[in-house]
1. Report Rg(Cα)/(2.2 N^0.38 Å) for the stretch 144-204, keeping two decimals.
2. Over the stretch 238-381, what per residue volume does the convex hull of the Cα atoms give, in whole Å³?
3. Looking at the stretch 45-136, I'd like the Rg to Rh ratio, where Rg is from alpha-carbon atoms and Rh is Kirkwood's inverse mean 1/r.
4. Mean separation of Cα pairs under 8 Å and 6+ residues apart, divided by the residue count of the stretch 147-451: what relative contact order is that in percent?
5. Taking Cα centroids, how far is the stretch 368-401 from the stretch 74-106 in Å?
6. Quick check on the exposure proxy: order 56, 132, 109 from fewest to most C-beta atoms within 10 angstrom.
7. Quantify how much of the Cα-Cα distance distribution of the stretch 1-109 extends past 23 Å, in percent.
8. Only helical DSSP H runs with n ≥ 4 go in: add -39500 (n - 2.57) per run for the chain, normalise by residue count and round the 222 nm mean residue ellipticity to 500 deg cm²/dmol.
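No value in this document is a laboratory result; all are computed from the given coordinates. Computed from a predicted model, the values in this text were never measured in an experiment. Ideal geometry is used to build each Cβ from the backbone, glycine not excepted, and the neighbour counts take in all protein chains shown.
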Ligand SMILES: O=P(O)(O)OC[C@H]1O[C@](O)(CO)[C@@H](O)[C@@H]1O
Ligand SMILES: [Mn+2]
């Protein structure tokens, strides 16, 4: 039997909490229990609300959910085996099959435990178990335990959102007169705003406030040196070549898919970028991909997506509310689309997608460009493995590439590929936390054979 931590065919081992002192270890030991404690606290604080809505049944549900979550926290902290899911949600059987696969790989059931298994797997599993605990208690099964944090982060970033809307209005007003270079300049700015929007997740801070308070456009110049890989020219040329009739099979509409990460300010920056892509004619369709259950504290669900557009429409700011109205109409008119798929809330590396979610893979193949937002998506793109920094992005993708793709990610986990020789080591000596602080970022592209860098 093959051990999960062996290097097989040049593919390095998965990051795991079994490496004592690693970021994975510290996350499983400290950050995940803190997040669970906050979840328990949130449910408890809402006891009265559950009582008002569902009477005594609501109170029972609150108690039982907390019981299940405390039990899970204890399993985690004492490195117990990962258990099969017991709920009737559609994806439970996929999770249980995945567990069986892990057990086969490890050789025995005991070894598939919180600290011994791949970090990516157990971290995803924790969020799925939160969903199980709620689902087993029907009156509150739809309750989003992370909703309060997500809405708070939206309201705390309002000033920055308004500044962004004013900037966007300036572009849209003069769109007809813009030269190609000016268009490129705006494109780069909004791509970088969306990139740095990824700093604002609530999982890395275990739920602490992490919102954007200053004007995002003004900070771009000073942030430039922290972009370790910047392939934005390839993103641009992918969009430009998709426009040429006859060059592409998909000549009718240029389509960009954005695989979303966090709600709050980050989602807002993604919507602004998507607005610009459409109003400039660089794209004719934008497809957003969100999560079907509350995920990694701040990730976007269908509800967050709709709510954000409603709030934007209702904002007390001329350009912001105008954008909200425009975005709603994009959705209504079939210019923008929102999708979710169970695969985004499973623990798989993306190289498994073609096999394990062929329908999603086929959907993504319809895009001219895929933008993957955030750290978790980067971990899944690269398999969350212990790659050398200089390994090519295309190698780390292990065959995944339904369409030209670009990761927009601030570094919050210790996996990074595609760096120059010595670059990672130099950063490590100057700034020991460079891989996990969210201070550095990448715009990393993978395209067809002729476009790729390695
Ligand atoms: O929202 P993002 O950018 O995917 O980040 C999620 C965070 O959660 C983590 O998985 C750690 O818990 C890190 O990878 C990252 O810090
Ligand atoms: Mn996230």
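1. 1.44
2. Cα convex hull per residue, to the nearest whole number: 110 Å³.
3. 1.06
4. Relative contact order for the stretch 147-451 comes out at 21 percent.
5. If you average the Cα positions of each part, the centres end up 25 Å apart.
6. In increasing order of surrounding Cβ atoms, one gets 56, 109, 132.
7. 48 percent
8. About -14500 deg cm²/dmol.
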